[in-house]
1. Just to be sure, is Leu149 of a type outside the set (Gly, Ala, Ser), touching a residue at least 24 places away in the same chain (Cβ under 8 Å) and within 30 Å of Lys324 (Cβ to Cβ)?
2. Can you name every one of the strands (runs of 3 or more DSSP E) wholly within the stretch 1-84 that holds 3 or more residues which are within 15 Å of Leu226 (Cα to Cα)?
3. Filtering the stretch 117-140 down to residues that are in contact (Cβ under 8 Å) with a residue 60 or more places away in the chain and surrounded by fewer than 21 Cβ atoms within 10 Å (Cβ to Cβ), which residue is nearest to ligand 2 (Cβ to nearest atom)?
4. Hey, can you tell me all the residues within the stretch 298-319 that are open to solvent by 20 Å² or more (accessible area, probe 1.4 Å) and away from ligand 2 (no atom under 12 Å from the Cβ)?
5. Looking only at strands (runs of 3 or more DSSP E) that lie completely in the stretch 162-246, which have at least 1 residues being in contact with an Asp or Glu (Cβ under 7 Å, 6 or more places away or on another chain) and free of Cβ contacts under 8 Å to residues at least 60 places away in the same chain?
6. For the stretch 173-182, check the following and say yes or no: at least one residue is among the polar types (S, T, N, Q) and within 15 Å of ligand 1 (Cβ to nearest atom).
7. Do we find that Gly100 is within 26 Å of the chain's Cα centre (by Cα), farther than 30 Å from Pro303 by Cα and among the small types (Gly, Ala, Ser) in this structure?
8. Given the structure, is Thr163 farther than 26 Å from Lys29 by Cβ and in the same structural domain as Ile297 (by TED's automatic domain parsing)?
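The values are calculated or read from the model by the stated rules, or taken from the named source; none is laboratory data. Keep in mind that what you see is a predicted model, and the values were worked out from it rather than measured. Here the Cβ is made from the backbone with ideal geometry for all residues, glycine too, and neighbour counts use every protein chain on show. Calculation scope for accessible area: heavy atoms of the full protein, side chains included, ligands and nucleic acids excluded. Shrake-Rupley method; radii C 1.70, N 1.55, O 1.52, S 1.80 Å.
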Amino acid sequence: MILAFASVLGNQEAKAIADFLHAQGIEFKSAINQGRSVFITRKNLDPIQKNSVSSLLSDIQFIDTQTPYQLASSKWKKDKTIFSVKGAQIGGDEVTMIAGPCAVESEEQMFAIGDYLQSRGIRFMRGGAYKPRTSPYAFQGMKLEGLKLLKNVADNHQLRIVTELMDLSYLEEVYDYADVIQIGTRNMFNYTLLRELGKIDKPVMLKRGFSAKVEEWLQAAEYILLGGNEKVILCERGVRSFETETRNTLDLASLALVKELSHLPVMVDPSQGTGIRSLVTPMSLAAIAAGSDGLMIEVHGHPEEALSDGQQSLNFREFDTLLKSCRNLFDVKSRSFDFEKNSINFTT
Ligand code: PEP
Ligand code: MN
C-alpha cells in the first residue's frame with residue numbers, strides 16, 4: 001500500500017509517520033515520487049490504522065495497488081510518464097527511434113552511422129562500449145575509448161547516446177557519457193546495480209530479463225523508482241522459450257500488458273528479440289501497432305562485417321525501408337516518430 005502525502009513532508013512530519021508505522025510493526029520504505037512523500041508498506045493498513053495516520057496528517061491518500069510493485073503501477077500514477085532527454089520527448093504521443101550498431105567498433109564505423117542517422121533525423125544513437133558477450137573469446141567492446149567515440153560522434157550529429165552499463169564499477173564513467181543508461185537483459189536481476197541507478201538523475205532503459213516474468217520486470221523498475229529516479233524506460237527484448245529458430249521470443253503481449261499495468265514508457269528491441277534481420281521490420285510494425293513508445297534497432301553500415309550481432313543488424317537501405325513501413329502504419333495509428341516534427345525527409 002502507498003501512503004501518499006500531498007507534498008514533500010518536513011523532517012518532523014516524516015518522523016511522526018515513521019514512528020507510528022514502527023510502533024504498529026508495519027514494515028515500510030519511504031521515498032519521494034511525483035513531488036510527494038510516499039511511505040510504501042508491504043501490508044495494507046487496516047481502517048483504524050488509516051484513521052490514526054490521517055489524524056497525524058490529514059492530507060493523505062491510501063493507494064492499494066494490489067501488486068508487489070507500487071510506484072511502477074498505473075494504479076499509483078494514472079497519467080503516462082513523459083520526460084525529455086536533451087529536448088527529445090520520451091513517451092506520450094511520440095514514438096522514439098533509437099538506432100545504431102550493437103557495438104562501437106571504430107571511428108570510421110561510428111562517423112558513418114552518425115552521418116546516416118542525422119540525415120534521417122534520428123535523435124537517439126545506440127552503441128555498446130561494454131559488451132556482455134556469452135563467449136569470453138568474443139569481442140568485448142572498446143570500453144572507455146568506445147564511450148569517447150560515441151560522445152564525439154553524438155556531439156557532431158545532434159544525437160543522444162544510449163549505451164549499456166554492465167557493472168557498478170563503471171557507473172561513473174558511463175554516467176558521464178550516456179544520455180540514457182541501458183541495463184541489459186542479463187542485469188535486470190542485479191538489484192545492487194538497480195539500487196544505485198535509483199540514486200542518479202539520468203534516464204535508465206531497463207531491458208526485460210530473458211527469463212523474467214512481467215511482475216519481476218516491474219519490480220526491477222521499482223528498485224530504481226524507489227531510490228528517487230523516476231526516468232525509467234522499459235524495453236521488451238524477447239524471452240527465452242522452447243523455440244530455437246528465433247534467438248528469443250519477442251513477447252508483444254507483455255508489451256501491451258505492461259502498458260496497462262504501468263505508467264512507464266515501454267519500448268521494443270526487435271533486433272535482440274528475433275536475432276534475424278528479416279524479422280526486424282515486421283516485428284517493429286507489430287510493436288508500434290501494439291502501442292510501443294519506441295523502437296531500438298541495430299543498424300550497421302556493413303552488417304556482414306559487424307563484430308557483434310551482424311545477423312540481426314540492418315544496413316542503411318534496410319533501415320530506410322523500416323522507417324518508411326512505419327510511416328505507412330502511422331497513418332493508420334495516428335502516431336508519429338519523434339523526429340517527424342523536424343520533417344527531415346530522406347530520398348527514395
Ligand atoms: C544489446 O542491446 O546489444 C544487448 C546486448 O541487449 P540485451 O541485453 O537485450 O541482450
Ligand atoms: Mn546486440
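1. In short, yes.
2. 2-5, 28-33, 36-41
3. Among residues in the stretch 117-140 that are in contact (Cβ under 8 Å) with a residue 60 or more places away in the chain and surrounded by fewer than 21 Cβ atoms within 10 Å (Cβ to Cβ), the one nearest to ligand 2 (Cβ to nearest atom) is Arg133.
4. Answer for the stretch 298-319, where residues must be open to solvent by 20 Å² or more (accessible area, probe 1.4 Å) and away from ligand 2 (no atom under 12 Å from the Cβ): Gly301, His302, Glu304, Glu305, Asn315, Phe316, Arg317, Glu318.
5. Ranges flagged: 180-183, 232-236.
6. Scanning the stretch 173-182 turns up at least one residue that is among the polar types (S, T, N, Q) and within 15 Å of ligand 1 (Cβ to nearest atom).
7. no
8. When the stated conditions are applied, Thr163 passes them.
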